[in-house]
Every structure is written in structure tokens, then in C-alpha cells.
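Participant: Attaching a single structure in C-alpha cells format; questions to follow.
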Amino acid sequence: MTKSLLRTSTILLALLAMLCVVAYAAIVGSKKEGLIEYVGAQKDVFTKGKAASVVSLEDLSGRKGVYAVGPIDGLDGEITIFDSKPYITQVRANDYTVDKTLKHGAFFLVWTEQTSWVDVPVPTAVKGYRDLQLFVKEQAQKAGIDVTKPFPFLLVGTPVEIKWHINVDRTEGKPLTKELFQKSKQPYVVKNEPADILGFYAEHYAGIFMTPFVPAIKEGSGMENALHMHLISKTSKASGHIDDITFGDGMVLRLPKP
């Protein structure tokens, strides 16, 4: 091969690699912060008046160690992806269904790709949501994680109680407001069910993939919410967004391995 042809081939390969990178970024349209990536923002639905899709879950197909949470476009359910396995819950009539495919869109999505975790026993002093938020931050700092940037975590065990919800469109065709968004949630409760819990810790991301206040951390309490958590029950089809939680003994926190 001549030097000229070799140079041309090298340039073409470099251009092809660049095009692949650009195409990948265009498909996902994401931003990377700390140990997570996200696309879309919760606050955008209020300026647009609708929960339009910004990403297809199929864009995450084929990746290993994907953990993701978000709401389905059109306020039609909850997205939980746990170790690349999807659990998509949607309210139907007086019940809800679980779909295990990626054939859905989200109006915002946050995810990470992690294959290594470090286990930390959760002490009995951690009783609920507020305690957990403080504990996750403290343990992440000890593990050398930059807590000023978003990071994922897992919880394994059997909580005493989990209050959770699934989004369901109750806007009646009206432009989406914060009030209608809060109304469009179907609440559920599970008790003493072994569960995998996926969470994301993030300070200063309210309106992106966090809400500043939740049932467990109310406005005026002197504390703002920094957790977005979903559950996957191991004994029922329960899967969705956690609003509050009460812990039992033997819970384990899993943090990304540095």
C-alpha cells in the first residue's frame, strides 16, 4: 500500500469514527454529569403544556449495566430499567400492567451504566426517606464519590413499607400544569416485600430529573429532596416511583465502585 493510499485510508477511518460519535450523540441527545446521563427535563413539560417524548428507550438497547428511571411520554406510566432489564408500568382500568420491552418513549430520562458496586449495610438508625438521603450522601463521600455531581445507588432488602405511584394522564386534554402533573399520579402501597430499589442522588437538579419536595420532604421542612427512586418488587409486579419509604432490618446500600 502506498503512503498516499495509507494516509487516505487513515483519514477515512478517522472521519467514520467521528461520524459514529456524532450519530450516537444525536440519537440520545443526552447530557453527562458526574456518573449519570440524562435527556429532557421535567420543567419543560410545563412550558410546552404536554409531556412529549424526547427519547426512545430503544436507544439504550444492547448496552450492559444500564440503570434508568423516568416517566413515559403522555403521562402514561413509569420507566424502570434495572441492569438493562426494563420494567414499564402503566395504569389500565382498575389495575396496572408491566411491560418488559423497550418500545416506549420518555419525556425525560436519567440513567447510568454500572457493572461494579460496593455494598454498605444500612444501620437501624436509618428509618425512612429523610434518613436515607443523609446516609447516601455520607457514605458516598466516604467512598470517594463527588457528591456535588449526580450519582446512582441501589438498595436491596425488605422495607417495611413503600409508598409509590404510577403516572396516569388526568389532564382531560388540558395543557399540562404543575397542579395537573401532581394530580396525574395513581398511588400504591406495598408492605414487607423484598425489592430492588434504584436511586439517583442529585443536588441542584430540581426541575430536571428531580422534584424539590416530595411527600417525605415537604416545603418549609428546611430540607430539599435530592433523591429519585424506583422500586422493583421481587414478589409482585409492583414497580414505579417511590414517594416515601420505611425501612426494616438488613437493608444494603450499593454504591458505584470507584
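Participant: Test Gly62 against the stated conditions and say whether it is assigned to a loop (DSSP other than H, G, I, E, B) and open to solvent by 10 Å² or more (accessible area, probe 1.4 Å).
Facilitator: Criteria met by Gly62.
Participant: Return the residues of region 199-258 that are at pLDDT below 95 and polar (S, T, N, Q); say none if nothing qualifies.
Facilitator: Once the filter is applied, which keeps residues that are at pLDDT below 95 and polar (S, T, N, Q), region 199-258 yields Thr211, Ser221.
Participant: For Lys31, state whether it is modelled with pLDDT of 95 or more and either open to solvent by 50 Å² or more (accessible area, probe 1.4 Å) or not charged (D, E, K, R) (or both).
Facilitator: So Lys31 fails the test.
Participant: Can you work out which of the residues in region 84-105 that are in a loop (DSSP other than H, G, I, E, B) and of a type in the set (S, T, N, Q) is surrounded by the most Cβ atoms within 10 Å (Cβ to Cβ)?
Facilitator: Restricting to residues being in a loop (DSSP other than H, G, I, E, B) and of a type in the set (S, T, N, Q), the top hit is Ser84.
Participant: Checking Met229 against (1) assigned to a loop (DSSP other than H, G, I, E, B); (2) open to solvent by less than 10 Å² (accessible area, probe 1.4 Å); (3) not small (Gly, Ala, Ser), only one condition comes out false. Which one?
Facilitator: (1)
Participant: Which count do you get for residues in region 172-184 that are in contact (Cβ under 8 Å) with a residue 24 or more places away in the chain and either over 17 Å from Phe107 (Cβ atoms) or not in a helix (DSSP H, G or I) (or both)?
Facilitator: Number satisfying all stated conditions: 4.
Participant: Right, something else. Got a sec? Which strands (runs of 3 or more DSSP E) wholly within region 106-171 have at least 2 residues that are in contact with a helix residue (DSSP H, G or I) (Cβ under 9 Å, 6 or more places away or on another chain) and open to solvent by less than 10 Å² (accessible area, probe 1.4 Å)?
Facilitator: In region 106-171, the matching strands (runs of 3 or more DSSP E) lie at 108-113, 151-157.
Participant: Let me ask something else about it. How many residues does region 232-258 contain that are among the acidic types (Asp, Glu) and open to solvent by less than 70 Å² (accessible area, probe 1.4 Å)?
Facilitator: Number of matching residues: 2.
The values are calculated or read from the model by the stated rules, or taken from the named source; none is laboratory data. The structure presented is a predicted model; accordingly, all values stated were derived computationally and were not measured. Counting neighbours? That spans all protein chains shown, and the Cβs are built from the backbone with ideal geometry, glycine included. Calculation scope for accessible area: heavy atoms of the full protein, side chains included, ligands and nucleic acids excluded. Shrake-Rupley method; radii C 1.70, N 1.55, O 1.52, S 1.80 Å.
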